[in-house]
Amino acid sequence: MKPRNDSHVKYNQLITRALSDAKEYILDFHVRNIPIDPQVYLRGSEKGQDVIERLEFKMHECKNFRTAAKYKTCIRRIREAKMNLPIQHVTVSWIKKLEDVLYSLGNNQNTRTKYLKAVGTIFTEAKQSGEITYNPFDGYRKSSSPGKKAKLSRDEFKSIQETRLEGPQDQVRNMWVFAALARGMRAYDVLTLSWDNIKDGRLQYRAQKSPFGKEGKEFDIKVTPAMEDCLALCNRSGTFVFPFVRELPGKLA
């Protein structure tokens, strides 16, 4: 880019970096005696050539905020540990080092596996598109351990059920008790539960596996006296049973 362009310095830096990445890509494939397809390289360049760039691309295209949060955490951990590399240079040893970093930060086995699985998605996609011929995650054994879930005793649950708090805190307590009594409703399902879902003494709804339309199991549950007590504390003038979601045109807020 010639100096007559006001942004020539910036553009020339970008061009220099792109050329450097391309040369590194070509050299890496040449050393491993692998044919190079320029179209594959160009498609990969749109998503970035190193681990952090790929994860950022995945994070921004992700619609599920929980999955996006996983990618964001992985990016932060890799950046803090100064472990960013071109995706072609990642090996099983790199993965093991990342797991050690997560372990040193206090992440348990299941959490470490969750983050490694998120990172592994970019290598699966890169192999499918032909950008890499070897996926290091294929040779890495992910492990998990059974989770230990704390359970309330009947007396502890009854204590929460009978407790009365002030203002919004009591509304949250009441919603939690109702969700537990209704066979453990998901947070999204109980937050968006409408009065139309309760008819003739039955609670009828289809569970949503995410707030983006992926439907789950249909439920038809008898409304017990204890559940009626919860509903009696709710305002029936609104659309939703519990007052934490308001309806906007075309969406929920």
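The values are calculated or read from the model by the stated rules, or taken from the named source; none is laboratory data. Note that this is a predicted model, so its numbers are computed, not measured. Cβ coordinates were reconstructed from backbone atoms using ideal geometry, including for glycine residues, and neighbour counts include every protein chain displayed.
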Original post:
What about T133, is it touching a residue at least 24 places away in the same chain (Cβ under 8 Å), outside any helix (DSSP H, G or I) and assigned by TED's automatic domain parsing to the domain that holds T73?
Top reply: yes
Original post:
How many residues does segment 80-108 hold that are among the hydrophobic types (A, V, I, L, M, F, W, C) and within 21 Å of T133 (Cα to Cα)?
Top reply: 6
Original post:
surrounded by 12 or more Cβ atoms within 10 Å (Cβ to Cβ), modelled with pLDDT under 85, assigned to a helix (DSSP H, G or I) and within 32 Å of the chain's Cα centre (by Cα), is that true of R54?
Top reply: no
Subject >> Residue list for segment 1-43, restricted to those being at pLDDT 80 or above, surrounded by 11 or more Cβ atoms within 10 Å (Cβ to Cβ) and outside any helix (DSSP H, G or I) >> reply: M1, N5
**OP:** Note down all Cβ pairs under 8 Å where the first residue falls in segment 182-194 and is assigned by TED's automatic domain parsing to the domain that holds M227 and in a helix (DSSP H, G or I), the second is at pLDDT 90 or above and of a type in the set (S, T, Y), and they're at least six residues apart or on different chains.
**Re:** D189/Y205
